[in-house]
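The values are calculated or read from the model by the stated rules, or taken from the named source; none is laboratory data. Because the structure is a prediction, the values reported are computed rather than measured. Quick reminder, even Gly has a Cβ in these numbers, built from the backbone with ideal geometry, and neighbours come from all protein chains shown.
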Amino acid sequence: MTTPHDVTLIPGDGIGPEITRTTLDILEAAGAPIIWRECVGGVTAMETVGEPLPQATLESIEATGVALKGPLTTPIGSGFRSVNVALRKHFDLFANVRPAVTILPAARYPDVDLVIVRENTEGLYAGIEHFIGMENDPRAAAESVMLITRYGSQRIVRFAFEYALAHGRRLVTLVHKANILKCTQGLFLEVGREVAAEYEGRVEFDDKIVDATAMQLALDPYRFDVIVTGNMFGDILSDQVAGLIGGLGFAPGANLGERAAIFEAVHGSAPDISGQGIANPTSFLLASCLMLDHLGEAPVAARVRAALQRTLDEGAARTRDLGGSAGTVEFGDAVIERMERPTS
Ligand code: NAI
């Protein structure tokens, strides 16, 4: 009998509780050995305990080391700052991993199967920016610093190679802009080549300029396997590859560090459809599969993915975003009906 895993669960805001309920039902049917430690975050936490990221939630993630997190609403302009960013900083979740796999039948790009590993803490998103005043204009100019460190580059590239080894992937492609940004991107590439040498003979390595990568992804995504890149390029390219496989509704994400791993759907809290029971739970369900893989429960994850694939292939239930009329619960039930029963 497997020892159950303790996992922090943050259902989140908007459609979060709806897709969480369905995902948990599916995981239970798959026999996932998990004890959920439910916590609050975001607007829901603001309304119930008066702060967006309560200490109890942080302590729970510190204790379990693993969280499944629903989307959290970030108020625009005023109000509290992004809880997602706060979690990333608190736990130093330096690696953002976004696998992109085609699961929709008749997708424009069949059989895409690649992973983007994005550095999550440095680059242009480090937040080092300011305005420069001139004459009467306090905002005459603005500048932003692209922070790249040897340490940060080493750990993300090494992470990508270790990920490739652990997941049986053959090639790591480092994406950069070193032809123009010779210091920052040059350092990232230089460190990448050094780390790649440690893996020679085990995982192949090449590098590519980001603009050429964007074009190649559209022309021939099959030539890529694992892409490792900086914060901004990773942000943009991971949405591009989500587009190749049918959109953000099919893209799960993981934010990983030494102390914690947080799994989430990449879409937001969808306030426009919240409470209507029509949200598509697929992205969140796929995020829970990444979590199962991380917990060493790959056979359970495989059962869930197979049932999801059968549901989509048969067109058994389609949510509205896919042109169907099924609700969240109905879709979840269709997946559960197609689940191979776990052998106990
Ligand atoms: P969004 O992803 O929530 O919604 C964009 C569009 O996609 C909407 O029309 C929505 O109805 C649709 N959509 C999203 N998920 C869906 C699903 N599972 N099924 C069916 N349709 C779905 O992006 P938006 O509107 O920009 O952001 C809303 C809130 O979510 C904001 O407060 C934002 O800050 C937050 N957000 C949180 C994220 C997170 O917690 N990781 C990520 C992105 C946004």
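Tabulated data
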| read-out | value |
| --- | --- |
| Qualifying residue in region 265-286 (condition: in the same structural domain as Leu187 (by TED's automatic domain parsing), within 16 Å of the ligand (Cβ to nearest atom) and under 23 Å from Ala126 (Cα atoms)) | no |
| Helices (runs of 4 or more DSSP H) (entirely within region 209-315) containing at least 3 residues that are of a type in the set (D, E, K, R) | 298-314 |
| Filter result (under 16 Å from Thr23 (Cα atoms), away from the ligand (no atom under 16 Å from the Cβ) and in a loop (DSSP other than H, G, I, E, B)) within region 316-339 | Arg338, Met339 |
| From the options Ala196, Ala178, Ala260, residue that is of a type in the set (A, V, I, L, M), in contact (Cβ under 8 Å) with a residue 12 or more places away in the chain and within 16 Å of the ligand (Cβ to nearest atom) | Ala260 |
| Qualifying residue in region 27-43 (condition: among the β-branched types (Val, Ile, Thr) and within 12 Å of the ligand (Cβ to nearest atom)) | yes |
| Given (1) on the phi > 0 side of the Ramachandran plot; (2) modelled with pLDDT of 95 or more; (3) not assigned by TED's automatic domain parsing to the domain that holds Arg305, number of the condition Asp111 does not satisfy | (2) |
| Failed criterion for Pro252 (all others in (1) modelled with pLDDT of 95 or more; (2) in contact with a helix residue (DSSP H, G or I) (Cβ under 6 Å, 6 or more places away or on another chain); (3) over 21 Å from Ala67 (Cβ atoms) hold) | (3) |
| Test: residue in region 93-101 that is of a type in the set (S, T, N, Q), closer than 21 Å to Ile227 by Cα and modelled with pLDDT of 95 or more | yes |
| Count of residues meeting criterion [assigned to a loop (DSSP other than H, G, I, E, B) and farther than 21 Å from Thr20 by Cα] in region 42-57 | 2 |
| Tally, over region 141-185, of residues that are more than 19 Å from Leu237 (Cα to Cα) and of a type in the set (Gly, Ala, Ser) | 6 |
| Condition broken by Ala212, with the remaining ones in (1) over 23 Å from the mean Cα position of the chain (by Cα); (2) within 20 Å of Thr121 (Cβ to Cβ) satisfied | (2) |
| Residue in region 41-49 that is touching a residue at least 40 places away in the same chain (Cβ under 8 Å) and surrounded by fewer than 18 Cβ atoms within 10 Å (Cβ to Cβ) present | no |
| Selection count where residues are surrounded by 19 or more Cβ atoms within 10 Å (Cβ to Cβ) and more than 20 Å from the chain's Cα centre (by Cα), scope region 145-183 | 5 |
| Positions within region 317-344 being free of Cβ contacts under 8 Å to residues at least 12 places away in the same chain and either within 20 Å of Asp272 (Cβ to Cβ) or in contact with a strand residue (DSSP E or B) (Cβ under 7 Å, 6 or more places away or on another chain) (or both), in sequence order | Gly323, Gly324, Ser325, Ala326 |
| Positions within region 258-296 being touching a strand residue (DSSP E or B) at 6+ places or on another chain (Cβ under 9 Å), surrounded by fewer than 20 Cβ atoms within 10 Å (Cβ to Cβ) and of a type in the set (Gly, Ala, Ser), in sequence order | Gly296 |
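Yes/no per residue for (1) in a strand (DSSP E or B); (2) surrounded by 20 or more Cβ atoms within 10 Å (Cβ to Cβ); (3) within 12 Å of the ligand (Cβ to nearest atom); (4) touching a residue at least 24 places away in the same chain (Cβ under 8 Å):
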{"position": "Glu59", "(1), (2), (3), (4)": "no, no, no, no"}
{"position": "Ala63", "(1), (2), (3), (4)": "no, no, no, yes"}
{"position": "Pro71", "(1), (2), (3), (4)": "no, yes, yes, yes"}
{"position": "Ile76", "(1), (2), (3), (4)": "no, no, yes, no"}
{"position": "Phe80", "(1), (2), (3), (4)": "no, no, yes, yes"}
{"position": "Val85", "(1), (2), (3), (4)": "no, no, yes, no"}
{"position": "Asp92", "(1), (2), (3), (4)": "no, no, no, yes"}
{"position": "Val97", "(1), (2), (3), (4)": "yes, yes, no, yes"}
{"position": "Ala100", "(1), (2), (3), (4)": "yes, yes, no, yes"}
